[in-house]
1. So for region 137-159 (the condition being of a type in the set (Asp, Glu) and either at pLDDT below 90 or surrounded by 18 or more Cβ atoms within 10 Å (Cβ to Cβ) (or both)), does at least one residue qualify?
2. For region 352-392, give me each residue that is hydroxyl-bearing (Ser, Thr, Tyr), more than 20 Å from Leu315 (Cα to Cα) and either surrounded by 15 or more Cβ atoms within 10 Å (Cβ to Cβ) or modelled with pLDDT under 75 (or both).
3. Report yes if some residue within region 135-147 is closer than 18 Å to His77 by Cα and in a strand (DSSP E or B); otherwise report no.
4. Hey, any hits in region 330-340 for a residue that's modelled with pLDDT of 50 or more, over 22 Å from Pro146 (Cβ atoms) and either of a type outside the set (Asp, Glu) or touching an Asp or Glu at 6+ places or on another chain (Cβ under 6 Å) (or both)?
5. Can you tell me which residue is farthest from Gly233 (Cα to Cα) among those in region 272-309 that are hydroxyl-bearing (Ser, Thr, Tyr) and part of a helix (DSSP H, G or I)?
6. Checking the conditions here, which among Pro228, Pro234 is of a type outside the set (Asp, Glu) and at pLDDT below 90?
7. Run down Leu248, Leu267 and say which single residue is part of a helix (DSSP H, G or I) and farther than 25 Å from Phe141 by Cα.
8. Mind listing whichever residues of region 69-89 are buried (at least 20 other Cβ atoms within 10 Å of the Cβ) and of a type in the set (D, E, K, R)?
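The values are calculated or read from the model by the stated rules, or taken from the named source; none is laboratory data. The structure displayed is predicted, hence computed values, not measured ones. Note: ideal-geometry Cβ built from the backbone for every residue, glycine included; neighbour counts use all protein chains shown.
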Amino acid sequence: MSDTEKSESSNSGDDAGALPTRAMTADLPSPSTMVTVLDITKDALPMRFGRFELQQIVGQGGFGTVFRAYDTQLDRHVALKIHRRGVLETEDQVARFLREARSGGKLNHPNICPVHDVGHLHGNHYIVMGFIEGVPLSELFSSVHPMNPKAAASIILKLTIALSEAHDQGIIHRDLKPSNIMMDQKRNEPIILDFGLARSYVVETDQTQTGQVVGTPAYMSPEQARGPTGAVGPSTDIYSLGVILYELITGRPPFLGSLAEIFTQILTAQPSSPAKHRPELDAAISAISLKAMAKEPAQRFASMHDFGQALQAYLRVGSASLPPRIGRIAGTTAKNNQSRSAVPLKASPARPTPTSDKIEFTCPKCKLPVRTPAATAGKKGKCPNCQAIVPIPKPTPAAARTEPSRSGSPVHPSRPIEFACSHCGQPVRTPPGTAGKKGRCPHCDRIVDIPTGK
């Protein structure tokens, strides 16, 4: 059940016995209907389709039409998707459809819409899924009203847990997008739809049709955009979920334009920082979304579990406990004279910023902020964001922290260095220990010289 744009239907109240002449029923095996794909309009509803009573069109997508239907045998409402003309016309296409439906049917998780059945009736293939009462995630935010970052992180966290279970069973989704996620109005939980069109990447990676690109362009990973030569796997879903997080907190996807322009940007351009579109966003949630959307799969989170761990740490700590050096730059003005929120520069590991009883430093693995008791200095600990074991740096004595700059002038490490990127003009805040070195701008991803802080 994808692209669940709600559409009104005609509930004419016709009895199942008084059906339109083109209605199909299990007891009318007409030769003409054996080779005819159903083209059902809302004016024909309600009507019978085998044991199901089709009641309302609730969505239409690339595969076909989704109906709210009543299963007369099991006495329940379901979502019934019937393929459109031209989708399943060869034996290979039908075989793939059945394989993917079986993959989705293996999953049993409260945040995944269940696949109940798959079948064929008079030339029409269909898939039966749970019917979710609610609204698609795509209707809960807009470019004018993006979602609260904590609320967005909470939703994405639940989805990482569900997708982690699917990946553990060797199943990827390939087409994650806000319209494929329903918010269940009864439980207020996000539900992933269309796992019936997922695929097993363990057994069937070589069974995708040559030249076929699967997914929705704005949410495609670079490996999907490259077509069948790309190695599609769990990291593909990580990328798409990162795009969804980006869109929830900014109100827009990272790449816009024509279809060709979007494909080009996915393959070659770096997404701008979420803070460029919403300056009040803190660095942590921006860094999480950008890491999930890294061009190379190896640079993304290693798994959905790791993605979820980073979100848990953000929800547990949030911006209130972030070190001062990665906070917002009050009143900073970029080239376009709009206020921008600075994020930590991806440079060499930063020296810790000591407080009275805490050490604050940047994890060398995931580049997210960490705060730990001062007593742990010089030891090793587990990063709460990426779960990697990392060395905890020792704070440098105050006298030694005053370094000479390249010009011989002292640098005061108590203050972070704030400057505008020489390439994109966006504001950057970086630890004083990186003065005079080179680092990577978090906005344009280019190498810049870090000023000495004079």
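1. Here is the first cut: in region 137-159, the ones of a type in the set (Asp, Glu) are 139.
Now restrict to residues that are either at pLDDT below 90 or surrounded by 18 or more Cβ atoms within 10 Å (Cβ to Cβ) (or both): none.
No, region 137-159 contains no residue that is of a type in the set (Asp, Glu) and either at pLDDT below 90 or surrounded by 18 or more Cβ atoms within 10 Å (Cβ to Cβ) (or both).
2. At the first step, the residues of region 352-392 found to be hydroxyl-bearing (Ser, Thr, Tyr) are 353, 355-356, 362, 372, 376.
Applying the additional criterion that residues be more than 20 Å from Leu315 (Cα to Cα) yields 353, 355-356, 376.
Once the filter is applied, which keeps residues that are hydroxyl-bearing (Ser, Thr, Tyr), more than 20 Å from Leu315 (Cα to Cα) and either surrounded by 15 or more Cβ atoms within 10 Å (Cβ to Cβ) or modelled with pLDDT under 75 (or both), region 352-392 yields Thr353, Thr355, Ser356.
3. So the first thing to find is which residues in region 135-147 are closer than 18 Å to His77 by Cα, and the list is 135.
Imposing the further condition that a residue be in a strand (DSSP E or B) reduces the set to 135.
Within region 135-147 (the criterion being closer than 18 Å to His77 by Cα and in a strand (DSSP E or B)), the answer is yes, since at least one residue qualifies.
4. Of the residues in region 330-340, the ones modelled with pLDDT of 50 or more are none.
Scanning region 330-340 turns up no residue that is modelled with pLDDT of 50 or more, over 22 Å from Pro146 (Cβ atoms) and either of a type outside the set (Asp, Glu) or touching an Asp or Glu at 6+ places or on another chain (Cβ under 6 Å) (or both).
5. So the first thing to find is which residues in region 272-309 are hydroxyl-bearing (Ser, Thr, Tyr), and the list is 272-273, 286, 289, 303.
From the residues that got through so far, the ones that are part of a helix (DSSP H, G or I) too are 286, 289.
Details: Ser286: 24, Ser289: 19 Å.
Ranking the candidates gives Ser286 first.
6. Numbers: Pro234 fails: at pLDDT below 90.
Going through Pro228, Pro234 in turn, the sole match is Pro228.
7. On the way: Leu248 fails: farther than 25 Å from Phe141 by Cα.
One residue alone meets the criteria, Leu267.
8. Lys81
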